[in-house]
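The structure under discussion appears below in the form of structure tokens.
The values are calculated or read from the model by the stated rules, or taken from the named source; none is laboratory data. None of the values given here were measured: they were computed from a predicted structure. Don't worry about glycine lacking a Cβ; one is built from the backbone with ideal geometry, like all the others, and counts go over all protein chains shown. The area values use the complete protein model at the heavy-atom level, side chains included, leaving out ligands, DNA and RNA. Shrake-Rupley method; radii C 1.70, N 1.55, O 1.52, S 1.80 Å.
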Amino acid sequence: MKVLIRRAEAEIEVKKSRFIAIAIPTDTMEAVKAAVDSVRAEHPVANHVVHASVVGKSGTMYSFSDDREPKNTAGRPAFEVLKGSGITNITICIVRYFGGTLLGTGGLVKAYGDSAKEVLKVVETEELIERSRYRMTLPYPSYTLIKRLLEETDATIASEDFAIDITISGLVPSLHADKLRSGVEDIGQGRILLTLST
């Protein structure tokens, strides 16, 4: 499976209706809802904000919505395109500005499916790598060596807090988790508190 790296957009026009497809990285169902809400906020006068999403390591969680379009003419066609793409942790929101001409059910299915295809042409993806969350508290003298260890293990840093000690948290590819753990033990000699969770 692949995952979306960053947001992407594409637009098509069908009989003067504008269809703006926006792909957003989402890795939980809560993130899907937040993505749909944020697109609605960006397009407050749009007639419809339809969505389709695939979430999870094997792409087994999903949702879609027609957002007041006739049943199965909007969210489902977009979802079917998305399901066939091999991409997970992605939500596609399709914003429709009505152009005055009714498209009929067949026209809607085609327009929403084509919108999803259009945005999938421009998305940037990478292979899904299983990652573990880490959090560590360390004394200042260990900081430089720990930063080097994080680079060596391809760990990302989500936050750094400099107080009496330094607290660093982020994600590390699960296949490097043991290397991170043993590296922390070598550097810290018992003075670094590390927690790892999947």
Taking segment 107-124 as the region of interest, how many residues are open to solvent by 50 Å² or more (accessible area, probe 1.4 Å) and not acidic (D, E)? 5
In this structure, is L196 touching a helix residue (DSSP H, G or I) at 6+ places or on another chain (Cβ under 9 Å), surrounded by 15 or more Cβ atoms within 10 Å (Cβ to Cβ) and at pLDDT 95 or above? no
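Criterion first (on the phi < 0 side of the Ramachandran plot and in contact with a helix residue (DSSP H, G or I) (Cβ under 7 Å, 6 or more places away or on another chain)) does P25 satisfy it?
Working: on the phi < 0 side of the Ramachandran plot: yes; in contact with a helix residue (DSSP H, G or I) (Cβ under 7 Å, 6 or more places away or on another chain): no.
No.
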Please go through (1) in a helix (DSSP H, G or I); (2) open to solvent by 30 Å² or more (accessible area, probe 1.4 Å); (3) under 24 Å from K2 (Cα atoms) for Y62 and return the number of the only condition it doesn't satisfy. (1)
Take segment 130-154 and flag every residue that is without any contact (Cβ under 8 Å) to a residue 40 or more places away in the chain and closer than 22 Å to L175 by Cβ. K147, R148, L149, L150, E151, E152, T153, D154
Please go through segment 1-39 and pick out each residue that is open to solvent by 10 Å² or more (accessible area, probe 1.4 Å), part of a loop (DSSP other than H, G, I, E, B) and of a type in the set (S, T, Y). T28
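Look through A35, A10 and report the one residue that is under 11 Å from the mean Cα position of the chain (by Cα), under 19 Å from V123 (Cβ atoms) and either of a type in the set (A, V, I, L, M, F, W, C) or at pLDDT 95 or above (or both). Give the derivation first.
Details: A10 fails: under 11 Å from the mean Cα position of the chain (by Cα).
That would be A35, the only listed residue that is under 11 Å from the mean Cα position of the chain (by Cα), under 19 Å from V123 (Cβ atoms) and either of a type in the set (A, V, I, L, M, F, W, C) or at pLDDT 95 or above (or both).
Being within 24 Å of the chain's Cα centre (by Cα) and of a type in the set (V, I, T) is the filter; apply it to segment 125-145 and report the residue that is most open to solvent (accessible area, probe 1.4 Å).
Within segment 125-145, the first condition is being within 24 Å of the chain's Cα centre (by Cα), and the residues that meet it are 125-135.
From what's left, of a type in the set (V, I, T): 125, 129.
Numbers: T125: 49, I129: 74 Å².
So, considering only residues that are within 24 Å of the chain's Cα centre (by Cα) and of a type in the set (V, I, T), the one most open to solvent (accessible area, probe 1.4 Å) is I129.
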